[in-house]
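The values are calculated or read from the model by the stated rules, or taken from the named source; none is laboratory data. Predicted model, so just to flag it, every value in this text is computed and none were measured. Here Cβ is always computed from backbone atoms with ideal geometry, including for glycine, and neighbour counts include all displayed protein chains. Ligands, DNA and RNA are excluded from the accessible area calculation, which covers all protein heavy atoms including side chains. Shrake-Rupley method; radii C 1.70, N 1.55, O 1.52, S 1.80 Å.
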Amino acid sequence: VQLQASGGGLVQPGGSLRLSCAVSGSSASINVMGWYRQASGNKRELVAIINSAGRANYADSVKGRFTISRDSGKTSVYLQMNSLKPEDTAVYYCYYLPLGAPEYWGQGTQVTVSS
């Protein structure tokens with residue numbers, strides 16, 4: 001199973017970015033996908049997750065600003081990030097947990113919010 005994340009970059013405060021993650025090598029129809037992030041010197045933390053039924057959960061710090069979604073084939077997950085703040089700066093990791101299998105992580109994509 002491989003996860004390929006993309007979409008990170010440098011953006012000014014108040015700007016937007018969209019992260020994408022595509023999963024290959026797994027056909028599990030029941031799964032959870034999502035995004036975690038790790039800022040320098042901090043522990044990895046949950047940003048948002050979504051299950052195969054479309055139910056999403058968000059960290060309090062991103063509620064109302066970030067939106068997680070997934071495609072109908074359930075092999076890709078997206079994170080629309082609006083109203084970005086400097087404290088959103090981190091490496092963002094895609095996460096995939098198929099039912100009855102171990103979790104998988106993407107390689108990480110850097111998001112930097114700075115003027």
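Considering only Phe66, Ser27, Tyr92, whose Cα is most displaced toward the positive end of the charge dipole of the range 11-115, charges sitting on Cβ of Lys, Arg (+1) and Asp, Glu (-1)?
Most positive-ward Cα: Phe66.
Tell me, in nm to one decimal, what length is gained between Ala101 and Ile30 on full extension, where the rule is 0.36 nm per residue of separation less the Cα-Cα distance? Show your work: numbers first, answer last.
Working: separation 71, 0.36 × 71 = 25.56 nm, distance 1.06 nm.
The Ala101-Ile30 span can extend by a further 24.5 nm.
With every protein chain left in place, what is the accessible area per residue of the range 5-80 in square angstrom, probe 1.4 Å? It would help to have the intermediate numbers written out before the result.
Numbers: 3950 Å² over 76 residues.
Solvent-accessible surface per residue comes out at 52 Å².
Could you tell me what percent of the accessible area of the chain is made up of carbon and sulfur, with a 1.4 Å probe and every protein chain present?
On the way: 2830 of 5970 Å².
Of the solvent-accessible surface of the chain, carbon and sulfur hold 47 percent.
Roughly how many debye, to the nearest 20, is the charge dipole of the range 51-115 about its Cα centre, given +1 on each Lys and Arg Cβ, -1 on each Asp and Glu Cβ, and no other charges?
Details: 6 positive and 5 negative charges, 39 e Å.
It comes to approximately 180 debye.
If r is the Cβ-Cβ distance from Val1 to Thr112 and R0 is 35 Å, what FRET efficiency results, to the nearest 0.05?
Values: r = 28 Å, r/R0 = 0.81.
After rounding, the FRET efficiency stands at 0.80.
Nearest 20 debye, what's the magnitude of the dipole of the chain about its Cα centre given +1 on Lys and Arg Cβ and -1 on Asp and Glu Cβ? Mind showing how you got there, number by number?
Values: 10 positive and 6 negative charges, 25 e Å.
Approximately 120 debye in magnitude.
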